[in-house]
Amino acid sequence: MSKQRARRVSEELKKEVSIILRDQVKDPRMGFITITSVDVSNDLSDAKIYFSVLGEAHDIEETIKAFESAKGYIRREIGQRIQLRHVPEIRFIYDHSIEQGSHIDSLLEQIKKGESSE
């Protein structure tokens, strides 16, 4: 299977999962969720869906539980929306990169304040 096809499928999965979460999944444990990226294996059998959520650690845990309970529904919806011979197994993984970026921004801001007070 070509890497180009896997890349196209991952972009399509990202778009469709975002739409499904926005319009159809009504679990109150899911807060403000952003699908940050999707990695699909070259044989299209597995998909890792990375997400970020606005909130505290407790909110992240609740969101992960909600994803686990909605996984079958989301996978079935993907199968109906995207023309694939086999729908990939999906896993939802919390993306720490946004909070790491926020932490780096706050550190840089502290450095700027320290330089301006001298």
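The values are calculated or read from the model by the stated rules, or taken from the named source; none is laboratory data. A quick note: this is a predicted structure, and the numbers were derived from the prediction, not measured. No Cβ is skipped: glycine too gets one built from the backbone with ideal geometry, and neighbour counts run over all protein chains shown.
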If you take the residues of the stretch 43-54 that are aliphatic (A, V, I, L, M) and surrounded by 14 or more Cβ atoms within 10 Å (Cβ to Cβ), which of them is farthest from the chain's Cα centre (by Cα)? Leu44
Among (1) part of a helix (DSSP H, G or I); (2) at pLDDT 85 or above; (3) not basic (Lys, Arg), which single condition is His58 missing? (2)
Checklist (1) modelled with pLDDT under 85; (2) aliphatic (A, V, I, L, M); (3) not in a helix (DSSP H, G or I) applied to Ile93, failing item: (1)
Can you list residue pairs whose Cβ atoms sit under 8 Å apart, with the first residue in the stretch 22-33 being polar (S, T, N, Q) and the second being surrounded by 15 or more Cβ atoms within 10 Å (Cβ to Cβ) and not in a loop (DSSP other than H, G, I, E, B)? Count only pairs 6 or more apart in sequence or on different chains. Gln24/Glu77
Checking the structure you have, find out if any residue of the stretch 64-87 is free of Cβ contacts under 8 Å to residues at least 40 places away in the same chain, of a type in the set (Phe, Trp, Tyr), on the phi < 0 side of the Ramachandran plot and surrounded by 11 or more Cβ atoms within 10 Å (Cβ to Cβ). yes
Criterion (in contact (Cβ under 8 Å) with a residue 12 or more places away in the chain and out of contact with any helix residue (DSSP H, G or I) (no Cβ under 9 Å at 6 or more places or on another chain)) met by exactly one of Val9, Val53, Val17, Val40: Val9
For the stretch 96-118, enumerate the residues that are surrounded by fewer than 10 Cβ atoms within 10 Å (Cβ to Cβ), among the acidic types (Asp, Glu) and assigned to a helix (DSSP H, G or I). Glu115
Residue identified as surrounded by 18 or more Cβ atoms within 10 Å (Cβ to Cβ), in contact with a Ser or Thr (Cβ under 6 Å, 6 or more places away or on another chain) and not basic (Lys, Arg) among Val40, Val9, Val17: Val40
Given the options Lys15, Lys48, Lys71, name the one that is touching a strand residue (DSSP E or B) at 6+ places or on another chain (Cβ under 8 Å) and under 25 Å from Gly101 (Cα atoms). Lys48
Residues being in a helix (DSSP H, G or I), polar (S, T, N, Q) and closer than 25 Å to Glu61 by Cα - total across the stretch 1-41: 2
Considering only the stretch 96-118, how many residues are modelled with pLDDT of 80 or more and either of a type outside the set (D, E, K, R) or touching a strand residue (DSSP E or B) at 6+ places or on another chain (Cβ under 6 Å) (or both)? 7
Pairs only if they're at least six apart or on different chains, beta carbon under 7 angstrom, first in the stretch 98-118 and more than 21 Å from Ile33 (Cα to Cα) and among the acidic types (Asp, Glu), second modelled with pLDDT under 80 and not in a helix (DSSP H, G or I); list them, first residue then second. none
